[in-house]
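The values are calculated or read from the model by the stated rules, or taken from the named source; none is laboratory data. The model shown is predicted, which means the values in this text are computed figures rather than measured ones. When we count neighbours, we look across all protein chains shown, and the Cβ atoms used for this are built from the backbone with ideal geometry, even at glycine. Note: accessible area is taken over every heavy atom of the protein model, side chains too, but ligands, DNA and RNA are not part of it. Shrake-Rupley method; radii C 1.70, N 1.55, O 1.52, S 1.80 Å.
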Amino acid sequence: LAQVAPARRDPFSAPVSPPPPAPLDTMPAVEAREIPVVGDSVVVVGNGLLEEIPARLQKAGMQPSAFVIVSDKTVFGHHGQRLEEAFKAAVASAAKPARVLQYIIEPGEASKSRAVKAAIEDYMLEQRCTRDTVVVALGGGVVGDLSGFLAATYMRGCPVVQIPTSVMAMVDSSVGGKTAINVPAGKNLIGAFHQPRFVFADMSLLKTLGQREVAEGLAESVKMGIIRDRELFELMETEAARMLELDPAVAARVIYDSIRHKADVVAIDEKETGLRATLNYGHTIGHAIEAVMSPHMLHGECVAIGCVLEADLAVRMGKLHADAVPRIRRCFESYHLPVAMPKLPEGKGLDDLMAKMAVDKKNAGGAIRCTIITGIGSSIDSPQPVPRDTMEAVLRDALAAPDVAEPELKRARC
């Protein structure tokens with residue numbers, strides 16, 4: 001199947017200024033819009049969708065024997081009761097009765113584990129849930145990844161519906177069917193591809209987030225602009241203040257375009273054999289940093305640093321003009337995201353980062369592979385092998401930089 005990517009220009013030619021994005025006050029109103037992904041998987045983007053979800057599922061012909069809502073304590077406290085009541089009202093009038101069950105986990109990456117997955121499975125078995133049960137994931141990336149993997153394996157597979165409540169989950173992790181748990185060897189190493197029947201991207205659910213959480217999620221939208229959409233990147237360059245406040249007009253455009261691009265890539269390469277792996281730009285280095293800095297740094301913060309350093313890597317490999325690196329750095333900085341290597345914990349250094357990258361899922365034949373960008377808005381269609389000495393040089397220089405940063409330790413408001 002042919003790989004589709006944005007049109008490219010010579011990365012060493014003089015920058016060309018494209019037409020500016022459409023004025024924000026001319027953008028369409030925020031209303032529910034559907035984005036097809038793979039098969040019957042659909043993303044619905046809009047405002048105020050939460051209480052409509054049960055009726056939408058019924059209209060789509062979903063008539064399970066049970067709905068199991070999986071959420072964490074924080075998110076369920078904000079949104080869970082409204083969703084549960086909407087489900088109970090919908091099933092009360094349905095031709096086929098369904099039970100509405102819930103399983104609430106502790107917030108945080110520690111819950112994305114074998115033990116928590118097994119506990120939910122045991123609960124569902126105790127409740128005599130059958131294969132026609134629908135798992136409803138209400139939460140951020142941890143809840144979504146865990147619930148998706150749970151649904152992929154429970155009785156060899158049952159449907160899952162994703163309701164992302166963080167920017168990160170909305171624009172990235174809930175879309176495309178990648179599910180996983182973390183293990184001691186690394187992040188997201190045990191999992192499955194299992195497409196959600198629906199993803200409901202209800203932007204009104206983002207109102208409870210603190211600015212740090214908003215910013216770390218937007219790192220994925222900046223990343224998407226860098227690898228596939230110059231206009232999206234330029235919009236995020238010029239509208240950082242409005243995006244951080246989740247201004248409805250600009251947020252609707254950024255979130256919709258970010259999801260649309262990911263859906264386009266997933267439709268071409270569902271199982272991440274080539275093109276889809278390019279969506280991991282910034283994640284090779286970013287995941288290594290996250291592995292040694294968690295929980296003090298958020299995923300998107302580590303990805304922002306990874307994007308800057310992997311842009312430097314592309315320059316050193318002769319694929320990217322050096323002028324692009326400071327521009328990428330400034331864009332992330334405008335969202336108050338870190339762009340320099342943090343001070344690693346005592347005893348951690350270059351060897352630890354390289355060891356984490358050695359088990360990255362994009363690797364092949366023992367070689368570290370990275371997404372290589374060739375300009376703002378374009379990248380090579382599949383991850384490329386990176387000379388080990390070049391990667392080590394990038395990290396060594398970053399670790400030795402005089403502006404090496406302390407991690408942001410303040411807790412985000414939920």
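Observations
- Which of 226, 318, 181, positive extreme of dipole for the chain (C-beta unit charges): 181
- Segment 73-122 shape via C-alpha gyration tensor axes, a/c threshold 1.5: oblate
- Rough spin-label spacing in nm, given labels placed 7 Å along Cα→Cβ, for residue 63 and residue 237: 5.4 nm
- Cβ-based net charge around residue 91, under 12 Å, with every Lys or Arg adding one and every Asp or Glu removing one: +1
- The chain, helix-only ellipticity at 222 nm - DSSP H runs n ≥ 4, -39,500 (n - 2.57), divided by all residues, nearest 500: -12000 deg cm²/dmol
- Lys, Arg +1 and Asp, Glu -1 on Cβ, resulting dipole of segment 88-130 about Cα centre, debye, nearest 20: 240 debye
- Subtracting the Cα-Cα distance of residue 396 and residue 126 from their residue separation scaled by 0.36 nm leaves 92.0 nm.
- Taken over segment 297-345, the convex hull of the Cα atoms encloses 74 Å³ per residue.
- Within the shell defined by Cβ-Cβ distances under 14 Å, the residues around residue 259 carry a net charge of -1, with Lys and Arg each +1 and Asp and Glu each -1.
- Whole-angstrom gap from segment 297-318 to segment 220-246, using each part's C-alpha centre: 16 Å
- Seen against the Cα atoms of the chain and their longest principal axis, helix 388-400 is set at about 90 degrees.
- Helix 283-293 axis, angle to the chain major axis (alpha carbon atoms, nearest 10°): 80 degrees
- Nearest-ten-degree value, helix 114-126 long axis tilted from longest Cα axis of the chain: 10 degrees
- Mean accessible surface per residue for the chain, computed with a 1.4 Å probe while every protein chain stays in place, in Å²: 42 Å²
- Which of 93, 113, 38, positive extreme of dipole for the chain (C-beta unit charges): 93
- An oblate overall shape is assigned to segment 302-378, the ratio a/c of its alpha-carbon gyration tensor axes (a ≥ b ≥ c) being 1.5 or greater and a/b not exceeding b/c.
- Here the label points at residue 93 and residue 110, each 7 Å from Cα along the C-beta direction, are separated by 4.4 nm in the simple model.
- Cβ-based net charge around residue 104, under 9 Å, with every Lys or Arg adding one and every Asp or Glu removing one: -1
- Secondary structure note: in the chain, about 35% of the DSSP beta bridges are antiparallel.
- Given 73/96; 319/362; 117/343; 88/178; 271/319, the pairs whose alpha carbons are separated by over 23 Å: 73/96; 117/343; 88/178; 271/319
- Within segment 269-346: Cβ-based charge dipole about Cα centre, in debye rounded to nearest 20 (Lys, Arg +1; Asp, Glu -1): 240 debye
- Accessible carbon and sulfur surface of the chain relative to its total accessible area, %, 1.4 Å: 53 percent
- When the chain is treated as a GNM with alpha-carbon contacts under 10 Å, the residue of 191, 176, 61 showing the greatest mean-square fluctuation is 61.
- Segment 67-146, relative contact order in percent, only Cα pairs under 8 angstrom and at least six apart counted: 51 percent
- Simple Cβ-charge dipole of the chain, Lys/Arg +1 and Asp/Glu -1, about Cα centre, in debye nearest 20: 840 debye
- Spatially, segment 146-164 and segment 92-110 are offset by 12 Å when compared through their Cα centroids.
- Packing order of peptides 73-85, 151-163, highest average first: 151-163, 73-85 (average count of other Cβ atoms within 10 Å over each peptide's residues).
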